[in-house]
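Down below is the structure, laid out as structure tokens.
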Amino acid sequence: MRSFLSAEWIRMRRLWLTWVLLVLILVVLALQVNGKLIELEELKTEVETGVSASDGSLLTPHQIEGNLILIQILTTDLSYPAFIGTVAHLSTGFGWFFVILLTVVFGGEDFSRRTIPVILIRGVRRSDYLIARTLALWLAMGVVVVIIMILSAALGPFIHRQVTADPISLEGLGDALLWVLRSWITCLPFIVAVLFWAVLARNMGPALGVGIGLHTLEVIYGLVLPIFATIFANADPTGEAVPWFYRVQMQLFSLSLGYNSGVFLNWGAPFSRDAIFIEGTLGLSSETLLPTTPERGLAFLLGYTIVFFGWTMWILRRRDIRFGP
């Protein structure tokens, strides 16, 4: 088991896609942080001038109040050491697509090249094969998270001086590091779920299409629901005024892997995707139809991991791979 895991780790380090994806992740993160800095400056300019930067129209007092709230949130997120957790959280937004791509390529390679019979002939147990492959991918994600944490910790003070004149304090460092840890933990159910599709299809193409397609659907679903929320903004979320089909859509979305990973990542913090009936500048009710309990999100992540891992192991034992124990 240990020797096979070491072999998997060496194999992953030699895979050119691993390093390409790492560079892409760092580049996208840098662009996102720069975008937040630009957004913060634009919001401050709009508040000072009272004029919208997008169309040049005058801002209402309500819009200015909303800008002040956004400025406070952005300033907090970009201040040190909260910046470490902010970068870790940003990496999960687009990072799942990189996790899916690496998992499909690395996990489906043995089936595409027909090397899995050779591995099993050499005495590698099917359980050891699946566990080692999963751990190798998860540890690789951990290394990426650590690299992101180190870079954000090194560059954080520089960003802090750009957004606020307050002195740097280590208050909140524990929460920021918890963001990093949770970012790594949430990689596991995605890896196991995508490995399931790779083993089921025994081909990288279909597994990649299904993996990215399902997650894209989750993202689109999360973006469309707030649009429906504005339509039913005057409805009482606890009463019968909310249409039944909207309630059904909310329940389906709350069962998705993407939603529950988001709830878990935002443990103890307002859930950013929970725009439905949120209290604030939109003037909506503070009630929500979405479950936002982080313990529930963690339970669903564990459930997804156990179910897909067991299902994948069952497929490996039942399919027509006639070699090895």
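The values are calculated or read from the model by the stated rules, or taken from the named source; none is laboratory data. Every value quoted in this text rests on a predicted model; they were computed, and no experiment measured them. Neighbour counts are summed over all protein chains in view; Cβ atoms, including those assigned to glycine, are modelled from backbone coordinates with ideal geometry.
Results for (1) without any contact (Cβ under 8 Å) to a residue 60 or more places away in the chain; (2) closer than 25 Å to LEU195 by Cβ; (3) small (Gly, Ala, Ser); (4) in contact with a Phe, Trp or Tyr (Cβ under 8 Å, 6 or more places away or on another chain), shown as yes or no for each residue.
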residue: ARG2; (1), (2), (3), (4): yes, yes, no, no
residue: LEU22; (1), (2), (3), (4): no, yes, no, no
residue: ILE38; (1), (2), (3), (4): yes, no, no, no
residue: LYS44; (1), (2), (3), (4): yes, no, no, no
residue: PRO61; (1), (2), (3), (4): yes, no, no, no
residue: ILE73; (1), (2), (3), (4): yes, no, no, no
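The residue that is surrounded by the most Cβ atoms within 10 Å (Cβ to Cβ), among those in the stretch 33-76 that are over 24 Å from the mean Cα position of the chain (by Cα) and polar (S, T, N, Q), is ASN67. Each residue in the stretch 177-205 was checked for being surrounded by fewer than 22 Cβ atoms within 10 Å (Cβ to Cβ) and polar (S, T, N, Q), and 1 of them qualify. Number of residues in the stretch 1-54 that are outside any helix (DSSP H, G or I), touching an Asp or Glu at 6+ places or on another chain (Cβ under 8 Å) and closer than 27 Å to TRP138 by Cβ: the value is 1.
Exactly one residue among TRP311, TRP267 is at pLDDT 75 or above and not in a helix (DSSP H, G or I), and that residue is TRP267.
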